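Taking it in order: structure first as structure tokens, then the write-up.
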Amino acid sequence: MSTPSSEPAKFDAIIVGAGVGGLYAIYRLRKLGLKVRAFEAAGGVGGTWYWNRYPGCRCDVESMEYSYSFSDELQQEWHWPERYGTQPEILRYVNHVADRFDLRRDIEFNTRVREAVLDRNTNTWTVTTDKGSVATARFCIMATGNLSTPRRPNYPGLDSFKGKWYHTGLWPHDGVDFTGLRVGVIGTGSSGVQSIPIIARQAKHLHVFQRTANFSLPARNVPMPPDKERAHKAEYPERRRAAYDTPFGIAGYPAPVKSALDASEAERQRAYEAKWAEGGSISFLYSYTDLLLRQEANETASEFVRRKIRATVKDPKTAELLCPDSHPIGTKRLILDTDYYETYNRDNVTLVDIRSKPIEEITPAGLRTADAEYALDAIVFATGFDAMTGAMKEIDIRTDKGATIEEKWADGPRTYLGIMMAGFPNLFMVTGPQSPGVKSQMILSCEQHVDWIADCLQHLRDKGLHRIEPEKAAEDAWVQHTNEVADGTLYPLANSWYTGANIPGKPRVFMPYVGGVTAYKKKCDEVAARGYEGFMLAV
Ligand code: N01
């Protein structure tokens, strides 16, 4: 890599991020014979699984599915010890992949990309890092992740806090021992819900500060049954293919055939009970065809879970506070937990409602809400991320014609297929906004995008072309289509990170594509088959 005073290092493609998507991009582009360089802010590979080391962190997609499909030897040889992978196990797997395919030699770790600037005359991206080093490439691939920009609320007084504070998305590598401490967890999304039961077992007392109650289902994690693993591996290639023919990119769940409103109350209860006992979110949301489409149908499932909460949590006031009433079930990321609601039956756990009595400040001794003071030795911010657009917007992405990402996405993201943006040629995104990424099995979506990008680069090379850029009309149509699809569902009703509602001042736009993996992949394949329809290709 060059220093500021020397000539920029030259590559064919620069990849930003060495998470699941970035690693596969290195592998795939290298196979095309391209000279690639990846920059990674972390000290190691793994992206989200590198940073999110909070207690209880575990994937909510089953481990036999949540893994790469590109190498049959890899998927046959790797053994997942549990139904759902833990963070350490997934990180071990990603490291294994990096070693097995010798990917590290093309990655510069502990290096954050600050700026990416296009020269349209030469079709060259110049990337500058926080080390001041500079590299150039014809193509730039943003594998920057959807949940990689942690955010905590801007409460006054944090600097004065005498205890220690943490963010779940930036957890210390050597862990945290909460034994004997008075701990406050702020936030009850997936990260809070997964960590709260474990922190409660260590802490002297745990206060959970909840602004919005969320729906959570039991994960029912178990050691991997050997017969299940054998059966899955025997059919791996077919199952991987079948996954693309499902809405969420996950095979093995029979598609629903009936509206919830066409079932009797007793039939619905039986169906929901069976799914509750089975564990997992896809299975539950697949109970009926219209749980994410019609509020009345959704309410039958929402109320089923509320009844479970009331039956589990002994203190009725706490139970009521934990019952979500602000959004239909599934319209925020449906959480999977182990003993979450049960944790509120412990004597050392107190739920605090900060919707009616917000946190006003952090004090030297803890925090103060509108009506009380809480003495704390440690505060855990489980407050989420500037999702989907945050990581890209932290980089100063611009062209010599004056286009900037800041301006381009001022009113929300605009992309064609979630892969490229008009005005920013040769800049690709892996699972960008307006693609199904976060609403699918992420590794499958990363592979799909990287394969599409690699095929596109091959096509350009075969035709002697050097530039690709979406037509503005194609982008406008895709943005409109994405919005229309979302508006036909219940998703926009929730104040979620899908809509940017969790970040003050962020434009409220529903960002993922929820038309399903099948329809999306078909569209991407058709676009490519028609000579990259909707894109301008040039020498
Ligand atoms: O973040 P979140 P997360 N004052 O945004 C609260 C993936 N993930 O890190 O809802 C007070 O969901 C906020 O309250 P509200 C998964 O896709 C996956 O938990 O905005 N509270 C909410 O309760 C997930 O969806 C896994 O009212 C504030 C919480 O903090 C995504 O990452 C595990 C606040 C944030 O919840 C993000 O999950 C973990 C404020 N100012 C994460 N600001 C698995 O695979 C925010 N909150 C299982």
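Quick one: is L336 crowded, with 19+ Cβ neighbours inside 10 Å, assigned to a strand (DSSP E or B), within 27 Å of the chain's Cα centre (by Cα) and within 16 Å of the ligand (Cβ to nearest atom)?
On the way: crowded, with 19+ Cβ neighbours inside 10 Å: yes; assigned to a strand (DSSP E or B): yes; within 27 Å of the chain's Cα centre (by Cα): yes; within 16 Å of the ligand (Cβ to nearest atom): yes.
It is true that L336 is crowded, with 19+ Cβ neighbours inside 10 Å, assigned to a strand (DSSP E or B), within 27 Å of the chain's Cα centre (by Cα) and within 16 Å of the ligand (Cβ to nearest atom).
Could you tell me how many of the residues in region 345-402 are assigned to a loop (DSSP other than H, G, I, E, B), in contact (Cβ under 8 Å) with a residue 12 or more places away in the chain, away from the ligand (no atom under 16 Å from the Cβ) and out of contact with any helix residue (DSSP H, G or I) (no Cβ under 7 Å at 6 or more places or on another chain)?
Summing the residues that are assigned to a loop (DSSP other than H, G, I, E, B), in contact (Cβ under 8 Å) with a residue 12 or more places away in the chain, away from the ligand (no atom under 16 Å from the Cβ) and out of contact with any helix residue (DSSP H, G or I) (no Cβ under 7 Å at 6 or more places or on another chain) in region 345-402 gives 7.
Taking strands (runs of 3 or more DSSP E) that fall entirely within region 158-257, which contain at least 3 residues that are within 21 Å of the chain's Cα centre (by Cα)? Don't jump to the end; show me each part of the working.
Values: elements: 164-167, 182-186, 205-210, 216-218.
Result: 216-218.
Please verify whether region 316-323 includes one or more residues that are part of a loop (DSSP other than H, G, I, E, B), among the acidic types (D, E) and either within 12 Å of the ligand (Cβ to nearest atom) or surrounded by fewer than 20 Cβ atoms within 10 Å (Cβ to Cβ) (or both).
First, pick out the residues of region 316-323 that are part of a loop (DSSP other than H, G, I, E, B): 323.
Next cut, among the acidic types (D, E) only: none.
No, region 316-323 has no match at all.
Residues to consider are T136, T126, T144; find the one that is of a type in the set (S, T, N, Q), assigned to a loop (DSSP other than H, G, I, E, B), in contact (Cβ under 8 Å) with a residue 12 or more places away in the chain and under 26 Å from F428 (Cβ atoms). Walk me through it before giving the result.
Values: T136 fails: assigned to a loop (DSSP other than H, G, I, E, B); T126 fails: assigned to a loop (DSSP other than H, G, I, E, B).
Just a single option satisfies the conditions, and that option is T144.
What residue, of F385, F428, is under 21 Å from A41 (Cα atoms), aromatic (F, W, Y) and open to solvent by 10 Å² or more (accessible area, probe 1.4 Å)? Steps first, answer last, please.
Working: F428 fails: open to solvent by 10 Å² or more (accessible area, probe 1.4 Å).
The conditions single out F385.
Residue-by-condition table, conditions (1) more than 19 Å from I468 (Cβ to Cβ); (2) under 24 Å from the mean Cα position of the chain (by Cα); (3) charged (D, E, K, R):
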position	(1), (2), (3)
D386	yes, yes, yes
A391	yes, yes, no
K401	no, no, yes
M421	no, yes, no
V430	no, yes, no
K439	yes, yes, yes
C446	yes, yes, no
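Which one is surrounded by the fewest Cβ atoms within 10 Å (Cβ to Cβ), of the residues in region 113-123 that are in contact (Cβ under 8 Å) with a residue 60 or more places away in the chain, closer than 25 Å to G33 by Cβ and not charged (D, E, K, R)?
If we filter region 113-123 for residues that are in contact (Cβ under 8 Å) with a residue 60 or more places away in the chain, which is where we start, we get 113-121, 123.
Retained after the next criterion (residues that are closer than 25 Å to G33 by Cβ): 113, 116, 118-119, 123.
Now drop any that are not not charged (D, E, K, R), which leaves 113, 116, 118, 123.
Working: V113: 26, A116: 24, L118: 23, N123: 18.
Of everything passing the filter in region 113-123, N123 is surrounded by the fewest Cβ atoms within 10 Å (Cβ to Cβ).
Take region 458-482 and flag every residue that is of a type in the set (A, V, I, L, M) and not in a helix (DSSP H, G or I).
Here is the first cut: in region 458-482, the residues of a type in the set (A, V, I, L, M) are 460, 465, 468, 473-474, 477, 479.
Hits for region 458-482 are L465, I468.
Are there any helices (runs of 4 or more DSSP H) wholly within region 7-112 with 2 or more residues that are within 16 Å of the ligand (Cβ to nearest atom), among the aliphatic types (A, V, I, L, M) and open to solvent by less than 40 Å² (accessible area, probe 1.4 Å), and if so which? Step through it out loud before you land on a result.
Values: elements: 20-31, 48-51, 72-77, 87-100.
Counting at least 2 such residues, we get 87-100.
Would you call K204 of a type in the set (D, E, K, R) and either touching a strand residue (DSSP E or B) at 6+ places or on another chain (Cβ under 7 Å) or within 16 Å of the ligand (Cβ to nearest atom) (or both)? Talk me through it step by step, then tell me what you get.
Details: of a type in the set (D, E, K, R): yes; either touching a strand residue (DSSP E or B) at 6+ places or on another chain (Cβ under 7 Å) or within 16 Å of the ligand (Cβ to nearest atom) (or both): yes.
So K204 fits the description; yes.
With (1) open to solvent by less than 40 Å² (accessible area, probe 1.4 Å); (2) more than 16 Å from the ligand (Cβ to nearest atom); (3) touching a helix residue (DSSP H, G or I) at 6+ places or on another chain (Cβ under 8 Å); (4) free of Cβ contacts under 8 Å to residues at least 60 places away in the same chain as the list, and R306 as the residue in question, which single condition is left unmet?
With respect to (1) open to solvent by less than 40 Å² (accessible area, probe 1.4 Å); (2) more than 16 Å from the ligand (Cβ to nearest atom); (3) touching a helix residue (DSSP H, G or I) at 6+ places or on another chain (Cβ under 8 Å); (4) free of Cβ contacts under 8 Å to residues at least 60 places away in the same chain, R306 is out only on (3).
Scan region 172-192 and tell me whether some residue there is open to solvent by 30 Å² or more (accessible area, probe 1.4 Å), modelled with pLDDT of 95 or more, within 16 Å of the ligand (Cβ to nearest atom) and of a type in the set (A, V, I, L, M, F, W, C).
No, region 172-192 has no match at all.
Does N483 satisfy the criteria of being at pLDDT below 95 and either open to solvent by less than 40 Å² (accessible area, probe 1.4 Å) or under 20 Å from the mean Cα position of the chain (by Cα) (or both)? I'd like the intermediate steps shown before the answer.
Details: at pLDDT below 95: no; either open to solvent by less than 40 Å² (accessible area, probe 1.4 Å) or under 20 Å from the mean Cα position of the chain (by Cα) (or both): yes.
No, not satisfied.
Go through region 486-513 residue by residue and tally those that are within 16 Å of the ligand (Cβ to nearest atom), small (G, A, S) and open to solvent by 10 Å² or more (accessible area, probe 1.4 Å).
Residues that pass the stated criteria total 2.
The values are calculated or read from the model by the stated rules, or taken from the named source; none is laboratory data. On a predicted model such as this, the values are computed, not experimentally measured, just so you know. All Cβ positions, even for glycine, are placed from backbone atoms using ideal geometry, and neighbour counts span all protein chains on display. In case anyone asks, the SASA skips ligands and DNA or RNA and just uses the protein heavy atoms, side chains included. Shrake-Rupley method; radii C 1.70, N 1.55, O 1.52, S 1.80 Å.
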